[in-house]
1. Would the range 114-126 turn up any residue that is within 13 Å of the ligand (Cβ to nearest atom) and either surrounded by fewer than 16 Cβ atoms within 10 Å (Cβ to Cβ) or in a loop (DSSP other than H, G, I, E, B) (or both)?
2. Could you give me the residue pairs with C-beta distances under 6 Å whose first residue belongs to the range 51-67 and is closer than 24 Å to C79 by Cβ, whose second residue is assigned to a loop (DSSP other than H, G, I, E, B) and within 13 Å of the ligand (Cβ to nearest atom) wherever it lies, and which are 6+ apart or on separate chains?
3. Can you tell which of K46, K50, K70 is under 17 Å from I143 (Cβ atoms) and surrounded by fewer than 20 Cβ atoms within 10 Å (Cβ to Cβ)?
4. Need pairs with beta-carbon distance below 7 Å; first residue part of a helix (DSSP H, G or I) and hydrophobic (A, V, I, L, M, F, W, C) and within the range 1-27, second surrounded by fewer than 20 Cβ atoms within 10 Å (Cβ to Cβ) and modelled with pLDDT of 95 or more; sequence gap 6+ or separate chains.
5. Listed residues R187, R203, R196; which is assigned to a helix (DSSP H, G or I), away from the ligand (no atom under 16 Å from the Cβ) and either crowded, with 21+ Cβ neighbours inside 10 Å or within 20 Å of the chain's Cα centre (by Cα) (or both)?
6. Is it the case that some residue within the range 15-37 is among the hydroxyl-bearing types (S, T, Y), in contact with a Gly (Cβ under 8 Å, 6 or more places away or on another chain) and within 16 Å of the ligand (Cβ to nearest atom)?
7. Keeping to the range 127-160, report how many residues are more than 12 Å from the ligand (Cβ to nearest atom) and either under 12 Å from the mean Cα position of the chain (by Cα) or outside any helix (DSSP H, G or I) (or both).
Amino acid sequence: MNIITAPTELQKQCQTWRQEGLTIGLVPTMGFFHEGHMALMDRARKLCDKLVVTLFVNPTQFGENEDLDKYPHDFDGDCEKAESHGTDLLFAPEKSSMYDKDHATWVNVPELGKHLCGKSRPVHFTGVCTVVTKLFMLAQPQIAVFGQKDWQQLAIIRRMVRDLNIPVEIVGQPIVREPDGLALSSRNAYLTQEERAAAPALRKGLVKMAEMVKQGEQSAQAAKAFLQTDYASTLPMGTVDYLEIVDPDDIVPVETITGPVLAAVAVVIGKARLIDNILIEV
Ligand code: PAF
């Protein structure tokens, strides 16, 4: 596996591969790999000739009081995992090589970023879209794989790619979970033992709410009230940031459930802000 830090080197290598007729698959990450990242790599590996994984804790997608400085990292472990999952090139740039001091260009999909995570993290998706666009411009992959745990991010990237005619196929990879249902996340590392024991309630509540909707509950308000009450008893140490039922493509809250919806939650438990979601197909 080749490890590259300079954006121009990534660009050069990918250009060579394309000239040789090889297809490129991209998996953008912020590192501290777990099975969820590995699933993204394995999926991409099957869909391309050359697999490029990027490892960059992108500062522009973190707000002022968020965990940029504390974000967990394990560069050597990540290199081993990426290599053992068939990565051809790991791109791990310095912040200064990705953003000039006078960086002034931003990519934004405001309509899809208004709700869910965008509400409490106002700069987040502009940072994500900007860095992902830069990575697409550098690697010019034919396919790129993103996890469905960050459903809103995936929907925004799909829309950005469509609206800007970026020639890349976006592939969504299902959430990977612990045996007790907790969605894998690098931020699970922040949980204490007690918090970790309670955290699966996040998923359990979503499943119960989905069942209620499938049984015929059409009022989003009633379904959300049910989940709020459930979390109050099952996750008393958690603070709900949001708990919403939205259209899965436009990420706009729905009032009456008459078709497929996405139920999505963000709950702060101790030092961790955990997100999860469930697609409810009625
Ligand atoms: O999902 C992530 O890890 C990040 O938001 C991404 C897509 C790598 C952009 O920094």
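The values are calculated or read from the model by the stated rules, or taken from the named source; none is laboratory data. Keep in mind it's a predicted model, so treat the numbers as computed, not measured. Every residue, glycine as well, gets a Cβ built from its backbone with ideal geometry; the counts of neighbours run over all protein chains shown.
1. Checked against the condition, which is being within 13 Å of the ligand (Cβ to nearest atom) and either surrounded by fewer than 16 Cβ atoms within 10 Å (Cβ to Cβ) or in a loop (DSSP other than H, G, I, E, B) (or both), the range 114-126 yields at least one hit.
2. Going by the 6 Å Cβ cut-off, the qualifying pairs are L55/G31; L55/A92; F56/P93; V57/M30; V57/Y71; P59/L68; F62/L68.
3. Just one listed residue meets the conditions, K46.
4. Filtered contacts from the range 1-27: L10/I4; C14/Q140.
5. That would be R203, the only listed residue that is assigned to a helix (DSSP H, G or I), away from the ligand (no atom under 16 Å from the Cβ) and either crowded, with 21+ Cβ neighbours inside 10 Å or within 20 Å of the chain's Cα centre (by Cα) (or both).
6. Pass one, the range 15-37, residues among the hydroxyl-bearing types (S, T, Y): 16, 23, 29.
Next cut, in contact with a Gly (Cβ under 8 Å, 6 or more places away or on another chain) only: none.
No; the residues of the range 15-37 include none that is among the hydroxyl-bearing types (S, T, Y), in contact with a Gly (Cβ under 8 Å, 6 or more places away or on another chain) and within 16 Å of the ligand (Cβ to nearest atom).
7. Adding up the residues that qualify gives 5.
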